[in-house]
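Presented below is the structure to which this report refers.
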Amino acid sequence: MSDANDPEWLRVDLDCPEPLLEAVTDVLGVLSGSGVEEKPVQEGTSRLSVFFKLRAPDNRQEILSLLQKELTALFAIYDKPVPDLASSLLADEDWATSWQKYFKPFSIIPGLVIKPG
């Protein structure tokens, strides 16, 4: 059992050219077993974020090496340079309740209050 403060997720971000978005998101989704977040950053480029559940404290480098290998092979097919990978560790959260800190009760009319939860 891990300590409550131990990071349990690895987030990896990369900037991807538009023509490769579908192929790269497919590879990232298969490797991570989760969805891929896409945000446009400039014309023709999107920032992709993918999350990997850490199975052991030391498998961060293993995940990054596998990603680098797979992306190098994919980008070589399109004769494009492989983008830099940025990674960060995230703590596991109880998403079922943690969203509530962002939503406060509010009154829509006198005497009627909406309270999320």
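Laboratory data are not the source of any read-out in this text; all were calculated from the coordinates shown. Only a predicted model underlies this, so the values are computations on that prediction, with no experimental measurement involved. Glycine gets a Cβ as well: all are built from the backbone with ideal geometry, and neighbour counts include every protein chain shown.
Of note:
- Shape call, region 31-82: gyration tensor on alpha carbons, a/c limit 1.5: oblate
- Modelled this way, with points 7 Å down the Cα-to-C-beta line, the labels at residue 34 and residue 92 are 1.2 nm from one another.
- Cα-based shape type of the chain, given that a ≥ b ≥ c are square roots of the gyration tensor eigenvalues and the cut on a/c is 1.5: oblate
- Qualifying chymotrypsin sites (Phe, Trp or Tyr not before Pro) for region 22-117 [loop in DSSP, other Cβ within 10 Å: at most 15]: 78, 103
- Helix-derived mean residue ellipticity, 222 nm - over the chain, DSSP H n ≥ 4, -39500 (n - 2.57), to 500: -9000 deg cm²/dmol
- Pairs of Lys in the chain closer than 26 Å at Cα, counting only those 8 or more apart or on different chains: 9
- Size of charge dipole - the chain - debye, nearest 20, with Cβ of Lys, Arg +1 and Asp, Glu -1, no other charges: 460 debye
- Relative contact order of the chain, defined on C-alpha pairs under 8 angstrom at six or more residues apart (%): 32 percent
- Taking GluC sites (Glu not before Pro) in DSSP loop conformation with at most 15 other Cβ atoms inside 10 Å as exposed sites, the chain has its longest uninterrupted site-free stretch at 44-92.
- When the chain is described by a simple charge dipole with +1 on each Lys and Arg Cβ and -1 on each Asp and Glu Cβ, the residue from 88, 20, 105 located farthest towards its positive end is 105.
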